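Remarks on the structure that follows.
The values are calculated or read from the model by the stated rules, or taken from the named source; none is laboratory data. The model shown is predicted, which means the values in this text are computed figures rather than measured ones. Note that each Cβ is placed from the backbone with ideal geometry, even for glycine, and that neighbours are counted across all protein chains shown. SASA here: full protein model, heavy atoms, side chains in, ligands and nucleic acids out. Shrake-Rupley method; radii C 1.70, N 1.55, O 1.52, S 1.80 Å.
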Amino acid sequence: MDSTNSYAQALLSKSNPSEGTVISTYCQTAGRGQIGSRWESEPDKNISLSAIFYPNFLEARDQFQLNQCISLAVFDLVKNCLPDHPVSIKWPNDIYVGGRKIAGILIQNSLINTQIRSTVAGIGINVNQATFLTNPPNPTSLLLETGREHPLPDLVPQLCGHLEARYLQLKAGKIVPLQHDYLRHLYRFGQLASYRRTNGQTFQGIIQGIDEMGRLKVEVGGNVECFDLKEIRFF
Ligand code: BTN
């Protein structure tokens, strides 16, 4: 299959798949990443999966709540596999182990006016891949972290279970616990670290949280600034 996200979108355009429909493959040949990038996945080594949701209870302006929910589900799976490793969520939705990326998420929403009509949540998790050609920055996998292979047929249903649990939490309006969990596991939360602005300027800042639009709030020299995805780079 070229891309599970493309497959799910094609399905949505020609039919009405049930909520919770999952497209999963062990061989994705043209995986799509964030901001038009590619997602590398060696055949039979990794999880590539897209889940379809209809979160019409959410306003479009609250999209970040869905991002938190999906990120936490992937975090839950990875943390379950790596209980003693420093697993975290790098804003907005990368899953990290220490300073290395183990999973990426591509959420594509279709909107009707101010509501979310449908969502394709695409998830790529590096499981048994040992070497990487392209995926920046610093890819890792469950195999590289633990020194052993992890069975894909066991992990896929576990991931679906975490997705369902977190989605039901969102649907039940448990926004505060979701945000609390997200911040608790946020990469570099409350730590002084180096960042770069779009204009190339570097600065030191401390991540304070997320604003209501899902932007990253960083304290810089005593002031709090909010950044969009394209406005800040992590060092
Ligand atoms: C990122 O750039 O970090 C996002 C990567 C998302 C990859 C997943 S793999 C399953 C799904 N299908 C795709 O084509 N992309 C996502």
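Listed values, structure above:
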{"item": "Residue check for Gly214: buried (at least 17 other Cβ atoms within 10 Å of the Cβ), modelled with pLDDT of 95 or more and not in a strand (DSSP E or B)", "result": "yes"}
{"item": "Top-ranked residue in segment 20-36 [being within 17 Å of the chain's Cα centre (by Cα), among the hydrophobic types (A, V, I, L, M, F, W, C) and near the ligand (Cβ under 9 Å from one of its atoms); ranked as surrounded by the fewest Cβ atoms within 10 Å (Cβ to Cβ)]", "result": "Ile35"}
{"item": "Among the residues listed as Arg117, Arg100, Arg148, the single one being open to solvent by 30 Å² or more (accessible area, probe 1.4 Å) and within 14 Å of the ligand (Cβ to nearest atom)", "result": "Arg100"}
{"item": "Hits in segment 37-51 - residues which are surrounded by fewer than 20 Cβ atoms within 10 Å (Cβ to Cβ) and modelled with pLDDT of 95 or more", "result": "Glu42, Pro43, Asp44, Lys45"}
{"item": "Qualifying residue in segment 86-95 (condition: loosely packed, with under 15 Cβ neighbours inside 10 Å and either closer than 14 Å to Ser118 by Cα or within 17 Å of the chain's Cα centre (by Cα) (or both))", "result": "yes"}
{"item": "Residues located in segment 8-19, provided they are within 13 Å of the ligand (Cβ to nearest atom) and surrounded by 17 or more Cβ atoms within 10 Å (Cβ to Cβ)", "result": "Ala8, Gln9"}
{"item": "Top-ranked residue in segment 52-61 [being under 24 Å from Leu183 (Cα atoms) and surrounded by 18 or more Cβ atoms within 10 Å (Cβ to Cβ); ranked as farthest from the ligand (Cβ to nearest atom)]", "result": "Leu58"}
{"item": "Count of segment 181-223 residues which are small (Gly, Ala, Ser) and farther than 20 Å from Ser71 by Cα", "result": "6"}
